Structure formats: C-alpha cells, structure tokens
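The values are calculated or read from the model by the stated rules, or taken from the named source; none is laboratory data. Nothing here was measured: the structure is a model prediction, and the numbers come from that model. No Cβ is skipped: glycine too gets one built from the backbone with ideal geometry, and neighbour counts run over all protein chains shown.
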Amino acid sequence: MQFNSENYTIKEITLNGNTLTYRAFNDIPYVMNPINPEFQKLSIYVPENYYHDKSINSYTLKTAPIFMPNGVGGYMPSEIEEPGYARFGKPGTINSLFWALHHGYVVVSPAIRGRSQKNEAGKFTGKAPACLVDYKAAVRYLHANAHLVPGDTNKIITNGTSAGGALSSLMATTIDHPDFEPFLEEIEAFNSTDKIFAASCYCPITNLEHADMAYEWQFNSVPHYSRKKMVMTDGGRPSFSAEDGELTELQFALSGQLKALFPDYLNNLHLMDSNGDPLLLDADGKGSFVDYLGKLLLASAKKENVDVASIPWLDESGKLDIDGFACDITRMKTPPAFDDITGHSPENDLFGDQTISCKHFTTFSYEHSTGGVELADMDVVKMLNPMHYIDDEKATTTQHIRIRHGQRDRDTSLAISAILAAKLRQSGADVDYQSPWGVEHAGDYDLEELFDWIDRISK
C-alpha cells in the first residue's frame with residue numbers, strides 16, 4: 001500500500017483553449033480491507049511541469065497544496081473524477097480539478113461509498129457513516145505516505161457541494177475523533193491522521209437533526225412549492241421535470257410545529273456574532289439571529305452592486321423581513337423537508353443499515369411517521385453533524401473553513417450554514433462565510449475566489 005511514484009500516465013487535455021499536461025497516478029487503494037473495492041480508491045494528479053524543475057504560482061512538487069474535492073451529491077456513491085468537464089451543472093462547464101491543476105495544486109480525487117450501494121449478498125454497504133469514513137481513510141493514506149506522495153500533506157484542502165459540502169465540513173470538525181475508529185479499523189485504514197489544513201464547503205446539507213426545523217422557520221409563510229424532480233438518464237446525466245403544488249392541511253400543521261421548535265434549539269446553542277452579541281430568536285421566530293442573516297445578505301447585495309432600495313424585504317441597515325425573503329426565493333420542499341414522515345427521503349436512505357434501506361433520524365418524524373419506519377441509531381446520526389464535534393475536546397477542528405451558501409438556495413435553510421459558521425467562528429476558527437447573491441443550490445461557481453483564499457492561507 002506504499003505509494004509508487006513510478007506508476008503513472010502522462011496526460012494532456014485542452015479545454016476552451018487551455019492546455020493542461022499532468023501526471024496521473026490512477027486507482028490507488030487507500031484501505032487494506034475494502035468493503036467496496038471498486039470504490040475505496042483514489043487518483044492523484046500532478047502538473048507535469050513540477051517534474052521538470054518548474055514552479056507554478058511559486059509552488060513546487062513538494063510545496064503545492066493538495067486540493068481534495070469529493071464528488072458526493074445526495075449522499076450517493078462518488079466515483080473518481082478526472083480533470084475535464086464537470087459531471088453535473090451546465091454542459092461545457094470545466095470542473096474544479098482541471099482548474100486546480102492549472103493553478104498549481106496537486107489534486108487528489110477519492111471514490112467514496114454512498115447510501116445506495118450493496119454487496120453480493122444484497123446487504124447495504126454505504127449507509128452512514130461510510131461516506132465520511134472513506135473520506136477520512138483517503139486522507140490517512142496521504143499522511144501515511146507523506147514522504148512519497150507529491151504535494152504538501154500539511155496543506156490538504158477538502159472541497160464539496162451539498163452533501164459533499166457537508167462531508168467537507170465534517171472533515172474539518174471531526175479530525176481524529178475516536179467515534180470513527182471502529183469503522184476505520186474495519187476497513188483497515190492507515191493508522192495515521194485524518195487531519196486537513198482547510199475545508200471548502202458549498203451549501204452544506206448538514207445538521208440534519210435540526211434541518212427540518214430550520215427549513216420551516218424560514219419557509220413557513222410559503223404555502224406553494226415548486227421543484228424539479230431528477231431522473232438519471234442512460235447517459236449518466238440528470239434529467240429534470242417540474243413539480244408544483246400546494247401544502248396539504250397536514251403539511252401546514254407539521255410546518256407550524258417544526259417552526260415552533262427552532263427558536264429553542266437556536267437559543268440553546270448560545271451563539272454570538274463577531275461583536276460578541278448573542279444571536280437569539282423569540283417565540284415568533286424573530287430576533288437578533290434574523291438581523292445577523294440580514295447583514296449577511298446585505299453584504300452579498302452590495303458586493304454585487306445590487307440596488308438595495310429595489311429589494312422589498314431588505315433595507316440599507318440590514319433589516320430583514322424573513323417571510324418576505326422566503327416568499328421571494330420560494331419554497332422547494334414540503335415538510336418535513338429532510339426526515340420525511342413516509343421515511344423515503346434521500347436522508348432517510350442515508351441512515352438505514354445493512355438490511356433496512358430507510359430510517360427516521362429525528363424523534364419528531366418518528367413520532368409522526370406514516371410508514372412504520374424505524375428510528376436510526378442516534379449515535380450514527382450524530383456522526384454526520386459537525387455541530388456535535390466543534391467543541392468536543394476529543395476532536396480537532398481545522399483552522400481554516402470557507403462556507404458558501406447561495407442567497408437563492410431553497411434546498412436547505414440559510415440558517416443551517418449561518419449556525420455552522422457562527423459556531424466555528426466562536427470556537428476560534430478562521431471562517432470565510434458568504435451568501436453569494438442570486439446563486440441557487442450549487443458549488444464551484446467562484447473558483448478564482450476559492451483559489452485566492454487557498455493561496456492566502458497557504459503561502
């Protein structure tokens with residue numbers, strides 16, 4: 001399992017007039033007892049210029065940061081990705097791996113197990129916390145081979161979007177925590193460290209135990225939902241069809257109950273803004289936390305030179321009408337947004353076990369269940385929530401975290417990323433948190449800014 005520097009292929013690719021020549025070390029197993037051997041591998045890509053005594057952006061073969069994106073979406077399995085066009089998003093979009101290499105980073109692309117995978121016996125092999133365990137194991141491989149692999153293993157930067165953004169945030173907050181050791185030992189991961197230097201998190205689908213509360217706190221005033229249902233085509237690309245409707249009487253009732261639960265949760269976190277002022281909500285869901293979001297959105301509008309006077313739910317002081325904001329961007333999901341009372345959401349599927357596909361992961365949905373679905377092991381649910389680990393003395397939180405949550409993201413509440421950012425900042429981390437104006441649920445849309453941030457903290 002030692003890294004072999006002689007086992008590589010030199011590749012050249014030209015996209016949109018940009019030519020990239022790189023060395024590819026492909027399909028390296030990163031654990032010694034893989035459960036899904038076709039996954040639990042990684043590839044390492046290195047700018048070829050580094051092997052000819054050249055530097056890129058002042059980086060060399062041994063000083064280049066290691067950019068380690070995951071391709072996880074919906075907590076589904078993620079295959080190794082190569083530099084080229086992005087798998088998702090608009091056709092013709094060039095992926096982050098290509099641009100990272102072009103910028104001078106070493107790129108590591110791991111394959112990671114996901115919730116849908118089964119073995120030959122028909123047992124599920126990728127339920128929680130498998131996705132995070134694999135990501136950790138891949139990082140441990142790099143550290144175990146630090147003297148051999150290209151790039152600086154003290155400068156590993158994870159990156160992901162949506163569920164992948166959640167995984168990146170978890171990599172940042174659960175470093176070397178003993179909760180994960182039995183799972184890492186099962187697959188015979190290297191006995192090293194899963195320490196990373198920094199994490200980039202786009203619209204993280206995280207804090208799932210409280211995501212339903214946060215969603216209804218934000219969208220309770222919106223009775224109409226509109227979304228696109230995704231179906232994978234034979235070519236492996238997603239196809240979308242529109243789905244619109246009105247909340248049912250039961251869904252209205254669930255929305256109100258969930259909204260009412262959110263203030264107590266938030267207030268018990270004892271969060272503060274950057275000035276040390278408490279972030280709170282009253283029983284009606286109003287308060288300084290709303291002001292905190294208002295200032296976040298105001299900064300976003302000003303960055304894009306948006307005429308704030310034209311925004312009916314935001315003023316020049318940052319005063320935010322949360323209901324007006326929700327009505328403007330519109331509702332995407334029906335309540336409960338994540339822990340479906342039928343027990344058949346992607347997140348329900350995440351928390352199944354070897355024999356049971358789906359389980360509830362909140363007591364609220366379990367108590368309101370219409371599908372006779374079991375309650376998941378809450379110790380496992382905890383493992384997929386960074387909020388539980390930030391102040392845990394048994395874990396280390398990385399120093400540098402970048403979070404982006406689009407202003408028009410309807411997939412999860414803006415409150416979820418705002419809570420995460422505030423908690424991290426309060427714990428002493430260097431947090432770069434923004435809500436880019438007009439951006440929906442997406443990632444890798446500001447790579448130039450992302451790479452500027454990486455360069456700033458790495459040099």
Out of Val373, Val290, Val306, I need the residue that is in contact (Cβ under 8 Å) with a residue 60 or more places away in the chain and either in contact with a Leu (Cβ under 6 Å, 6 or more places away or on another chain) or assigned to a loop (DSSP other than H, G, I, E, B) (or both). Which one? Val306
Name, by its number, the condition in (1) within 21 Å of the chain's Cα centre (by Cα); (2) crowded, with 22+ Cβ neighbours inside 10 Å; (3) touching a residue at least 60 places away in the same chain (Cβ under 8 Å) that does not hold for Leu101. (1)
Filter the stretch 106-135 for residues that are more than 15 Å from Pro34 (Cα to Cα), touching a Gly at 6+ places or on another chain (Cβ under 7 Å) and surrounded by fewer than 24 Cβ atoms within 10 Å (Cβ to Cβ) and give the result. Ser116
For Pro335, which of the numbered conditions (1) within 30 Å of Pro77 (Cβ to Cβ); (2) in contact with a Ser or Thr (Cβ under 7 Å, 6 or more places away or on another chain); (3) free of Cβ contacts under 8 Å to residues at least 24 places away in the same chain fails to hold? (3)
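So, Gly84, is that one in contact with a helix residue (DSSP H, G or I) (Cβ under 8 Å, 6 or more places away or on another chain), farther than 29 Å from Gly352 by Cβ and in the same structural domain as Ile44 (by TED's automatic domain parsing) or not? Talk me through it step by step, then tell me what you get.
Working: in contact with a helix residue (DSSP H, G or I) (Cβ under 8 Å, 6 or more places away or on another chain): yes; farther than 29 Å from Gly352 by Cβ: yes; in the same structural domain as Ile44 (by TED's automatic domain parsing): yes.
So Gly84 passes the test.
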Identify all residues within the stretch 252-287 that are assigned to a loop (DSSP other than H, G, I, E, B) and among the acidic types (Asp, Glu); write none if there are none. Asp273, Asp277, Asp282, Asp284
For the structure I just gave you, tell me whether Leu42 is surrounded by 12 or more Cβ atoms within 10 Å (Cβ to Cβ) and part of a strand (DSSP E or B). yes
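May I ask you to list the residues in the stretch 440-454 that are within 15 Å of Gln399 (Cα to Cα) and either touching a Pro at 6+ places or on another chain (Cβ under 8 Å) or at pLDDT below 95 (or both)?
Ile454
Give me the residue from the stretch 36-59 that is among the hydroxyl-bearing types (Ser, Thr, Tyr) and under 18 Å from Tyr8 (Cβ atoms) and, out of that set, farthest from the chain's Cα centre (by Cα). So that I can check it myself, show each step before the final result.
From the stretch 36-59, those among the hydroxyl-bearing types (Ser, Thr, Tyr) are 43, 45, 50-51, 55, 58-59; that's our starting set.
Okay, now just the ones that are also under 18 Å from Tyr8 (Cβ atoms), so 43, 45, 50-51.
Working: Ser43: 21, Tyr45: 22, Tyr50: 31, Tyr51: 33 Å.
Looking at the filtered set, the residue picked out is Tyr51.
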Quick one: would you say Ile401 is closer than 14 Å to Gly165 by Cβ, surrounded by 19 or more Cβ atoms within 10 Å (Cβ to Cβ), touching a residue at least 40 places away in the same chain (Cβ under 8 Å) and not assigned by TED's automatic domain parsing to the domain that holds Lys127? no
Is one or more of the residues making up the stretch 421-440 touching a residue at least 12 places away in the same chain (Cβ under 8 Å), in contact with a Cys (Cβ under 9 Å, 6 or more places away or on another chain) and within 16 Å of Thr174 (Cα to Cα)? no
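Consider Ala128 carefully, then state whether it is closer than 19 Å to Glu79 by Cα, outside any strand (DSSP E or B) and not polar (S, T, N, Q).
The answer is yes for Ala128.
Among the residues that make up the stretch 46-54, is at least one of them assigned to a loop (DSSP other than H, G, I, E, B), touching a residue at least 60 places away in the same chain (Cβ under 8 Å) and within 26 Å of Arg140 (Cβ to Cβ)?
Residues of the stretch 46-54 assigned to a loop (DSSP other than H, G, I, E, B): 53-54.
After this cut, where a residue has to be touching a residue at least 60 places away in the same chain (Cβ under 8 Å) as well, the list is none.
No - not one qualifying residue is present in the stretch 46-54.
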